[in-house]
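I am attaching a structure below and will ask some questions about it afterwards.
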Amino acid sequence: MTKRRLGLGGLKYLLPLLVILAIALTPLMALGDTAATVTINATPIYIAISNVNNTFDFGTVAAGDDNSTLNTTTDWLDFTNDGTVAIDTTIVCDNWTYVAGGSSSWTYGAPAEDTGQLVYSAGTGAYDTVVDGTTPSTLIDDVAADATDYFEVGLDAPTSFTHGDEQYTTLTITASEHSAD
Amino acid sequence: MRWLIISLLAIVLVLVGCGQQPAYNPPADTQPTANNYTDIPSTTDEDWEANHQNINWISPGKVTITVINAHLGTPASNTGYSLRIHNGGDYATTFRITVTAPNTQQLPGYGDFPCTNPVYEPLPPEHYSWIHITNPTPFLLAKETKEVWIGFNIPARDKPWSNRYEVQTRVQEAGQAGPVVTATATRWQLDLQ
């Protein structure tokens, strides 16, 4: 039996073949990833919140009334963190709606004719932050599990009225896991 | 000498080929069919749940979804997580699940120094369409706990991208009395790479 050795004549065909293979395979390697890789981590905690004082009534208001005339106490609204971790809370309302028997709503916003808004503060009595009618804003951050915290809400009444229909809005307090950001 | 030139030419051709990897352009109306999916279940605390049957709660509080090769897109069928909702009331009621912005309004690229915590910017509202809530108004019997699947269908893009987004799902009992009502929210963090 004779051994056949690959000489220079053989290399002449082998090298172009390798080049063609390399060029042909390169695009296929580039297309190797055809799907995203997804990893999901869930934090095993419970979020829960409750409140005891869930009502407010400013009574009959006059044009231009604000916290200096309508509110003399602080901490008259509350919430308790019933979950297992510290929470951040936000506050938002859903604009003004006339109650049964009425026909006209105020506009929600800075005081003007038939236009008023709610303001709040977290136990300071400053009433210095506006409750937005659409976007939640921070109420109190980093409330420990099982802790109860307090805040107060005031009214910036319209500067003038064209009707006397009673107005109503709902405040929503939302709890989420405390963010270190 | 001739073989040296041929060899050099071959190397040059291979290098040129590597440098011209074509971008992956998935068809607009299809999604990748394969997906590597790792699910770390939210462990439940049976003792805590037994002692808190009378209050509303949700779990988990935070879900982080990391997507490698995010530009290839994620099928909603298996990218997401089941949100558990408990009705602590003595009556059957409906809960509403809505998508909301996170509490923090971080600007892109802005964070603490040194960077110990990744910064997640709010998910732009135009991307809320990625989120699919299988049942946005679940009806729960008294003391019942129900799971609702929250899926994230991130569409494929024609170029690589990376970003960190945060968004929340808010759960609120529909029939709460009084002008001050409460709600709970889960934080969803998307780490797209």
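The values are calculated or read from the model by the stated rules, or taken from the named source; none is laboratory data. Remember, it's a predicted structure, so these values are computed and weren't measured experimentally. FYI the Cβ positions are ideal-geometry reconstructions off the backbone, even for glycines, and counts take in every protein chain you see.
Given the structure, is A:Val92 on the phi < 0 side of the Ramachandran plot and under 20 Å from the mean Cα position of the chain (by Cα)?
Yes: the conditions hold for A:Val92.
Determine which single condition B:Gly88 fails, assuming it passes every other condition in (1) out of contact with any Pro (no Cβ under 7 Å at 6 or more places or on another chain); (2) in a strand (DSSP E or B); (3) not polar (S, T, N, Q).
(2)
Scan segment A:148-181 for residues that are buried (at least 17 other Cβ atoms within 10 Å of the Cβ), under 30 Å from A:Val85 (Cβ atoms) and more than 11 Å from chain B (Cβ to nearest Cβ) and jot them down.
Within segment A:148-181, A:Asp149, A:Glu152 meet the criteria.
If you don't mind, there's one more thing I want to ask. Kindly provide the set of residues from segment A:53-86 that are farther than 30 Å from A:Thr162 by Cα and in contact with a Leu (Cβ under 9 Å, 6 or more places away or on another chain), ordered by number.
A:Asn53, A:Leu77, A:Phe79
Further question on the same structure: Select from segment B:67-88 the residues that are facing another protein chain (nearest Cβ under 7 Å), touching a strand residue (DSSP E or B) at 6+ places or on another chain (Cβ under 8 Å) and surrounded by 18 or more Cβ atoms within 10 Å (Cβ to Cβ) and write down the one among them that is farthest from A:Thr174 (Cα to Cα).
Within segment B:67-88, the match that is farthest from A:Thr174 (Cα to Cα) is B:Asn69.
Right, another one. Restricting the search to segment A:46-72, which residues are in contact (Cβ under 8 Å) with a residue 40 or more places away in the chain, within 7 Å of chain B (Cβ to nearest Cβ) and of a type in the set (Gly, Ala, Ser)?
A:Ala48
Please find, within segment B:173-185, the residue that is surrounded by the fewest Cβ atoms within 10 Å (Cβ to Cβ) out of those that are within 7 Å of chain A (Cβ to nearest Cβ) and part of a strand (DSSP E or B).
Going through the qualifying residues, I end up with B:Val181.
Okay, moving on. Suppose we filter A:Ala100, A:Ala145 for residues that are surrounded by fewer than 20 Cβ atoms within 10 Å (Cβ to Cβ), more than 20 Å from A:Asp65 (Cα to Cα), modelled with pLDDT of 95 or more and among the small types (Gly, Ala, Ser); which single one remains?
Selected residue: A:Ala145, the only one of A:Ala100, A:Ala145 that is surrounded by fewer than 20 Cβ atoms within 10 Å (Cβ to Cβ), more than 20 Å from A:Asp65 (Cα to Cα), modelled with pLDDT of 95 or more and among the small types (Gly, Ala, Ser).
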